[in-house]
Amino acid sequence: MSDEQHEGPSGDGGPAGPTSVEGPVGEPSLPPEVERRAARWIGFALAVSMLAAIGLFVSYVLGNQVQVQGVLLALALGGIAMALIMWAKKLFVPEVVTEERGDHPAGERELEAVAAAAAPGGEAIARRPFLARMLGGAAGLLGLSVLLPVVRSLGPSPGRSLFTTDWSRGALLVDEFSRPLKASDLEIGSVATVFPQGFVGSESSMAIVLRVPQGLLNLPDGRDADAPDGVVCYSKLCTHAGCPVGLYEKLYYQLQCPCHFSAFDVLNGAEPVFGPAPRPLPQLPIEIDDAGYLRAKGGFTATPGPGFWNRGSGP
Ligand code: FES
């Protein structure tokens, strides 16, 4: 930073105080023509940015190629960047000038000279709010065009579908080949993945059915009646992060999730006994019909899946 001291012009009221100039020494203000030209270029860059942002918005709505969107995004960002660079380099006077205040009674000629000198500055002052508004508009349009892909990428609202499954009263339990399952198909220690008939592959309805010695069952809330002959059925979605609970340790009557090793006590309402799962696997109440087939008595006892789904009402 340089620092110069020099005497100001003498006036009627005596000598002026010293003038201090800080920063690079240059023209004390920009010539009006330079300022006008810079403002035009800045306005042009911002206009390009705004048009590109609008184009980006439209392009995303129409589902155009991503290459086109990339070019438009580059123009929108580049226009703002160029405008800011030109603004900083062309419209800001680099030096800082201070002067000690003396006794300066101004004559008529001096007042006229000051008014004449201030006139172009007034024009520039009027120009800058306009540029500032253009800058705000360009930034706003760019934000809008970037927000749209984010909002659209969220996809359709799931509504209540996350809280319901395809199980209903009387639904047959079928395996992945749509074959109805009989209670007699299950021996003690065997397990099978089941779906409601007509909904094979439905993730939220996926369940695991197994048979245990009936006398060992100790299900909560009197739900033993929903596990006839020791055949008990639970949701197969882990309540930790939704992985399929695909392992059965029959020695300990535990269902285990291979993702983070949560273990669920089959005899005790699938209470978690190890790992990060926060709550039991929901039970599917079942019955055996006259032909020996397994049927659902209704939906799961709670919303299946990770803990988030437990925040609303059950199915
Ligand atoms: S998803 Fe099952 S333990 Fe994490």
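Read-outs: derived from the displayed coordinates by stated rules, not from any lab. Computed from a prediction, not measured in an experiment: that's the story for all the values here. Quick reminder, even Gly has a Cβ in these numbers, built from the backbone with ideal geometry, and neighbours come from all protein chains shown.
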Listed with the fewest Cβ neighbours within 10 Å leading, Glu271, Glu100 appear as Glu100, Glu271
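Determine, for Phe177, Phe57, the number of other Cβ atoms within 10 Å of each Cβ, and report the residues in order from fewest to most.
Listed from fewest to most nearby Cβ atoms, that is Phe177, Phe57.
Within a 10 angstrom radius of the beta carbon, how do Ser205, Ser190 rank from fewest other beta carbons to most?
Fewest-to-most Cβ neighbours within 10 Å comes out as Ser190, Ser205.
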Here the stretch 182-197 yields Karplus 3J(HN,Hα) values (6.51, -1.76, 1.60; θ = phi - 60°; whole Hz; Gly and Pro given as x) of 9, 4, 6, 6, 9, 8, 4, x, 8, 9, 8, 8, 10, 9, x, 4
Could you pull out every one of the lysines with an alpha carbon less than 23 Å from that of Lys236, ignoring same-chain neighbours closer than 8 positions? Lys182, Lys250, Lys297
Find how much the distance from Asp221 to Val114 grows on full extension, using 0.36 nm per residue of separation minus their present alpha carbon separation; answer in nm with one decimal. 29.3 nm
Between Leu247 and Ser157, what is the FRET efficiency for a Förster distance of 30 Å, r being their Cβ-Cβ separation, to the nearest 0.05? 0.30
Obtain the nm distance between the two label points defined at Ala132 and Ile188 by a simple spin-label model: each point lies 7 Å from its Cα along the Cα-to-C-beta direction. 8.4 nm
Checking the stretch 135-174 for trypsin sites (Lys or Arg not before Pro) in a loop per DSSP with at most 12 other beta-carbon atoms within 10 Å yields Arg169
Whole-Hz ³J(HN,Hα) from phi, Karplus 6.51 cos²θ - 1.76 cosθ + 1.60, for the stretch 259-269, glycine and proline x: 5, 9, 6, 6, 10, 10, 7, 4, 6, 10, x
Taking r as the C-beta separation of Asp103 and Trp41 and R0 as 45 Å, the FRET efficiency to the nearest 0.05 is 0.55
On a C-alpha basis, how far is the centre of the stretch 140-178 from the centre of the stretch 264-305 in Å? Whole number, if you could? 24 Å
